[in-house]
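I have placed the structure first, in the form of structure tokens, so that the comments after it can refer back to it.
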Amino acid sequence: MRYAAALAVGLLTSVCCGIGQEAPAATLIIPGTGVAADGVTLAPQLSADLHWQISFEDPAFTSARIPQSAGLPTDWLANGLTSQWIGPVDTYGVVPLRAGNYRYQTAFSLPVNFVPGSATLTGQYGSFNEPINVSINDIEDFPQVLPDNAFSELQPIPTLPNLNALLPGQTNTIQFTVKATAEQILGDIGITQATGFRAQNLVLTYAIVPEPSVCLLTLTLGAGCLAVVSSRRGRLALRSGDSSRA
């Protein structure tokens, strides 16, 4: 019986403290593009995106812009109820943009009890022009080629092995790099009329290790069970001895 009690306590402790494979799951909602501070409602157009930043051929990031819907290229998917297009300018078609790599980045924090290597990311995104990689904490990985119509129909987030680079207890970043292809040449400078990015329904699912207090409670209860079992066995032994002497 003592073995049975010890086995039960060991199993409880393994599950509770995250030693087993069935660690508790948690989710994090990553705000899509073009939403307000609450991460849900749409932000005003012609304003800066509060959650996503943009960089062009440079390490420095600045706030991405939410352009006017009326100024979007007509073949782009129309803005929806949960996300909007973002880009480097408020209005397209006024000033040509330099061709090259535009990086769109958002940041989020994970708790200290996040289990590294356990995360998966789901959602949809689109871009104009070609998406060339997705970076997690500056580690690049883009395992599949998107279809040509990634700007007219949002695509599911591909499986990203580099989610293993996510770290507990600190800020993590995710970047989508879009290569704006030159449509015209101005001297030696390639230019394009538009480039943009869009993401929505981004959900990060991951495993967590329970708080130490929960594990301590489990161990305490387990120790109590063993004490009760031991005490009971001791009393039974005494009674057995008294009976034999009688």
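Here, each number is a calculation from the coordinates, and none is a lab measurement. Values in this document were obtained by computation on a predicted structure and should not be read as measured data. In this analysis, Cβ positions are derived from the backbone assuming ideal geometry, glycine residues included, and neighbour counts consider all displayed protein chains.
Sticking with the crude label model, points 7 Å out along Cα→Cβ, report the distance from T74 to N101 in nm, one decimal please. Each label point is offset 7 Å from its Cα along the Cβ direction, giving 3.5 nm.
The label point for I185 and the one for A37, both projected 7 Å from the Cα toward the Cβ, are 4.9 nm apart.
Taking amide H atoms as placed 1.01 Å from N in the peptide plane, the amide H of G32 lies under 5 Å from those of N201, L202, each 5 or more residues away in sequence or on another chain. With label points built 7 Å along Cα→Cβ from the Cα atoms of T62 and L81, find their separation and express it in nm. Inter-label distance under the simple model: 3.5 nm.
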